[in-house]
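One structure is given below, encoded as structure tokens.
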Amino acid sequence: MTTEVYALGQHISMSAHKARRVIDQIRGRSYEETLMILELMPYRACYPIFKLVYSAAANASIKMGSNEANLVISKAEVNQGTIVKRLKPRARGRSFAIQKPTCHITIVVKDISLGGYIDTDSITWSQKPKRKKKDTTMSYYDMYSNGGTWDKK
């Protein structure tokens with residue numbers, strides 16, 4: 001049995017950059033905290049994302065029978081959609097091209113009561129995987145050895 005359920009919104013009329021600004025705030029948060037954040041943020045992108053989060057929670061309650069208190073936004077991504085091109089009439093019979101961008105938003109909700117979700121904030125430093133250190137040997141550069149740029153005629 002899967003613990004993840006998603007909701008997908010396609011061809012939402014807004015740029016992916018503006019939607020990403022809101023999506024980055026809700027990624028990894030609980031369902032109830034996400035709804036409060038989206039209601040209080042002043043951006044236009046919040047309403048379609050709010051509807052998608054609500055839809056993903058409804059999908060989770062229908063498909064898995066999970067409680068809304070146990071849901072966490074495990075993955076949230078925004079992809080660029082098609083660009084709708086329109087022409088706006090201007091003075092002297094000219095036209096001006098207008099590009100109306102769209103985006104595709106995917107919200108994946110995970111039920112933490114069914115297991116498998118690890119909060120990255122609760123992991124101590126000893127448990128996190130160690131990175132390899134870069135080779136940071138310093139090399140000495142003498143700018144006077146080649147005569148410099150001012151000696152040329």
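The values are calculated or read from the model by the stated rules, or taken from the named source; none is laboratory data. Just so it is clear, the model here is predicted, and its values are computed rather than measured. A quick note on method: Cβ atoms are made from the backbone with ideal geometry, for glycine too, and the neighbour counts reach across all protein chains shown. Note: accessible area is taken over every heavy atom of the protein model, side chains too, but ligands, DNA and RNA are not part of it. Shrake-Rupley method; radii C 1.70, N 1.55, O 1.52, S 1.80 Å.
For F96, the accessible surface of its heavy atoms amounts to roughly 110 Å² (probe 1.4 Å, protein chains only, rounded to the nearest 10). Electrostatic tally near R20: other residues with Cβ closer than 14 Å to its Cβ, Lys and Arg +1, Asp and Glu -1, net +3. Using a simple spin-label model with pseudo-atoms 7 Å out from Cα toward Cβ, A58 and E4 lie 2.3 nm apart.
Cross-link pairs exceeding 27 Å between alpha carbons, from the set K18/K85; K51/K88; K63/K100; K18/K63: K51/K88; K63/K100; K18/K63. Packing around the peptides 51-57, 105-111, 82-88, taken as the average count of other Cβ atoms within 10 Å per residue, puts them in this order, highest first: 105-111, 51-57, 82-88. Ordering 66-77, 6-17 by mean Cβ neighbour count within 10 Å, with the highest value first, yields 66-77, 6-17. Here the stretch 4-111 is treated as an ellipsoid with the same Cα gyration tensor; its semi-axes, largest first and in whole Å, are 34, 13, 10. For the pair K51 and K75, label points projected 7 Å from Cα toward Cβ lie 2.4 nm apart.
Each label point was placed 7 Å from the Cα along the Cα-to-Cβ direction; for T82 and R94 their separation is 2.9 nm. Report, in whole Å, the centroid distance computed from the Cα atoms of the stretch 17-54 and the stretch 70-99. Using only Cα atoms, the two centres lie 20 Å from each other.
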